[in-house]
Amino acid sequence: MKLHYNPVSTYSQKVLFAIYEKHVPFEPAVVNLMDPEVRTAYEKIVPIGKIPAVSFNDGRVLTESSIIIEELDDLFPTYNPRLVPEDRKLAREVRWLDRQFDLYLNDPMAKIFFDGRRPGDPGDPYGVARARATIDRAYAVFDELLATRTWAAGDTFSLADCAAAPPLAYLRMVQPYDKYANLSAYAARLISRPCFVRVMDEARPILEMIMAQRS
């Protein structure tokens, strides 16, 4: 299994978190979509041009972070933890939470983080304001949810937690959540997990370069 990814991409980090958590063997293939030649070559594998993706020796290619993680559970059933529960009711909640973190934390966080970063880009103040408002509402919802839970879906680490960790790590820089005690405690548990420390260590050199360009 070859993983096509970029260390600073949150959706790539989501998959890496799952891979490292489960100790799944894989071949890394870092993709820099800002390089035109690299993008052209990658689009021959994934025409939509989005990361991450996994490719297999039989020619099969799988995209979308949540689907890739579910595939890991099926391909490596004895590698723990299982990230999507076998219980159908609990699995639905895990998938629902996964979508909540992706849509209401990850995507608006990316809007804020990358706004106006390209040379000559004047930015989008209205779009950023809307993203911040979405995140604020999500913070309140997640803070209440996590009042009685260790992990997003309860006592067991899952796909939902893989989705939550990357945006929460980045949001500390662009929209802190310190006033939300339950969410802050949850984020601390996620971000200090050894597998995610590894993910962020791999991303740090590129991330520092990006932040230097913004300053």
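For Glu64, only one of the following conditions fails: (1) in contact with a helix residue (DSSP H, G or I) (Cβ under 7 Å, 6 or more places away or on another chain); (2) open to solvent by 70 Å² or more (accessible area, probe 1.4 Å); (3) among the charged types (D, E, K, R). What is its number?
(1)
Starting from the stretch 27-53, keep only residues that are of a type in the set (S, T, N, Q), then list their pairs with residues that are part of a loop (DSSP other than H, G, I, E, B) whose Cβ atoms are within a distance under 9 Å, requiring at least 6 positions of separation or different chains.
Taking only residues 6 or more apart or on different chains, the pairs are Asn32/Asn6.
Which is in contact with a Cys (Cβ under 8 Å, 6 or more places away or on another chain), modelled with pLDDT of 95 or more and hydroxyl-bearing (Ser, Thr, Tyr), of Tyr5, Tyr20, Tyr11, Tyr42?
Tyr20
Would you pick out the residues in the stretch 158-182 that are part of a loop (DSSP other than H, G, I, E, B), farther than 19 Å from Arg99 by Cα and open to solvent by less than 50 Å² (accessible area, probe 1.4 Å)?
Gln175, Tyr177, Tyr180
In the stretch 26-35, how many residues are at pLDDT 95 or above and either of a type in the set (Gly, Ala, Ser) or open to solvent by 70 Å² or more (accessible area, probe 1.4 Å) (or both)?
Result for the stretch 26-35: 4.
One residue is enough: does the stretch 159-167 have a residue meeting the conditions in contact with a strand residue (DSSP E or B) (Cβ under 7 Å, 6 or more places away or on another chain) and on the phi < 0 side of the Ramachandran plot?
Yes, the stretch 159-167 has at least one match.
Taking the stated definitions as given, is Leu3 without any contact (Cβ under 8 Å) to a residue 24 or more places away in the chain, surrounded by 13 or more Cβ atoms within 10 Å (Cβ to Cβ), in contact with a strand residue (DSSP E or B) (Cβ under 9 Å, 6 or more places away or on another chain) and not hydroxyl-bearing (Ser, Thr, Tyr)?
no
Is one or more of the residues making up the stretch 122-144 without any contact (Cβ under 8 Å) to a residue 12 or more places away in the chain and in contact with a Gly (Cβ under 7 Å, 6 or more places away or on another chain)?
yes
Can you give me the ranges of the helices (runs of 4 or more DSSP H) entirely in the stretch 83-157 with at least 1 residues that are open to solvent by 30 Å² or more (accessible area, probe 1.4 Å), small (Gly, Ala, Ser) and under 27 Å from Leu16 (Cβ atoms)?
Passing ranges, in order: 107-114.
The values are calculated or read from the model by the stated rules, or taken from the named source; none is laboratory data. Just so it is clear, the structure is predicted and the values come from calculations on it, not from any experiment. A quick note on method: Cβ atoms are made from the backbone with ideal geometry, for glycine too, and the neighbour counts reach across all protein chains shown. When the accessible area is computed, the model is the full protein with side chains, heavy atoms only, and any ligands, DNA or RNA have been set aside. Shrake-Rupley method; radii C 1.70, N 1.55, O 1.52, S 1.80 Å.
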